[in-house]
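Working notes for the structure below.
The values are calculated or read from the model by the stated rules, or taken from the named source; none is laboratory data. Not measured: the values here are computed from a predicted model. So basically every Cβ, Gly included, is an ideal-geometry build from the backbone, and we count neighbours across all protein chains shown.
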Amino acid sequence: MAYFIRVLSPSPKAISASILRAALASEDLKADLAGDSEDGSWGQLIVTYPDGKGICVIERDIVSDAGAARFEIEELVEEVNGCLPESAAEWLTTYLQSVLSIYALQVLGGAHERNGADIVACLKVAIWKSAGGVIQVDNEGFTNEDGDHILWQYDESVDGDGWMAVLDHGRWRKFRMDLGNAEHRASFLSGAIPPGLERAH
């Protein structure tokens, strides 16, 4: 089953592939990007190791009234409906209507070996920092525009720490929580910050 990471941007402007190459070079990550147009009009980039093994495919779609990307937005809105926290779901339902570009990174087998995960993460962040917007990760959920996790779509076995945010009178409140802690999880799902946790200022 395909696994996707998406950057959902309110900007229609395309990111040049040279920006993505520069991001990889700045972290000394070696990967080739093929299928692009340097003027930024690319629709698909295939990311491979220098030996040709696939790491991920990046597709860029413009959201139009009749295009496939509009249908994808509608599917994401349906997916968000009923998720928790309720305040984040409502915020995302409105926000997704403003999305004009979708960058979808389909993770391939090469991402699970060598430094493939670092390459995918670098490209995701480079797109997000250049285009703005929110990030959606299959089986995890959505972030806000600051990159903090706001909607829970993890499975029950998730663990580790994560930076989260909940809405408080229209403002995002950021904090770090233990994803596997049942009390922390219950507070987050209710739209509240778990008591006693580290908050960002």
**Q.** Conditions (1) among the aliphatic types (A, V, I, L, M); (2) farther than 20 Å from Arg176 by Cβ; (3) free of Cβ contacts under 8 Å to residues at least 60 places away in the same chain: number failed by Met164
**A.** (2)
Q. Condition test on Leu108, is it surrounded by fewer than 20 Cβ atoms within 10 Å (Cβ to Cβ) and either within 14 Å of Ile58 (Cα to Cα) or of a type in the set (Phe, Trp, Tyr) (or both)?
A. yes
Q. Being crowded, with 17+ Cβ neighbours inside 10 Å and part of a strand (DSSP E or B), is that true of even one residue in region 175-197?
A. yes
**Q.** Neighbours by Cβ (under 8 Å, 6+ apart or cross-chain): first from region 7-28, outside any loop (DSSP other than H, G, I, E, B); second among the basic types (Lys, Arg)
**A.** Val7/Lys124; Leu24/Lys30
Q. Can you name the strands (runs of 3 or more DSSP E) wholly within region 34-108 that have at least 2 residues being touching a residue at least 12 places away in the same chain (Cβ under 8 Å), over 19 Å from Val134 (Cα atoms) and within 19 Å of the chain's Cα centre (by Cα)?
A. 44-48, 54-62
**Q.** Enumeration of residues in region 163-173 that are in contact with a strand residue (DSSP E or B) (Cβ under 8 Å, 6 or more places away or on another chain) and either on the phi > 0 side of the Ramachandran plot or crowded, with 17+ Cβ neighbours inside 10 Å (or both)
**A.** Met164, Ala165, Val166, Leu167, Trp172
Q: Could you give me the residue pairs with C-beta distances under 9 Å whose first residue belongs to region 113-128 and is over 22 Å from Ser101 (Cβ atoms) and modelled with pLDDT of 95 or more, whose second residue is assigned to a loop (DSSP other than H, G, I, E, B) and not acidic (Asp, Glu) wherever it lies, and which are 6+ apart or on separate chains?
A: Asp118/Leu29
(Q) Being modelled with pLDDT of 95 or more and among the charged types (D, E, K, R) is the filter here; which residues of region 57-110 pass it? (A) Glu86, Glu90
Q. Would you call Ala2 buried (at least 16 other Cβ atoms within 10 Å of the Cβ), assigned to a loop (DSSP other than H, G, I, E, B) and either among the β-branched types (Val, Ile, Thr) or at pLDDT below 95 (or both)?
A. no
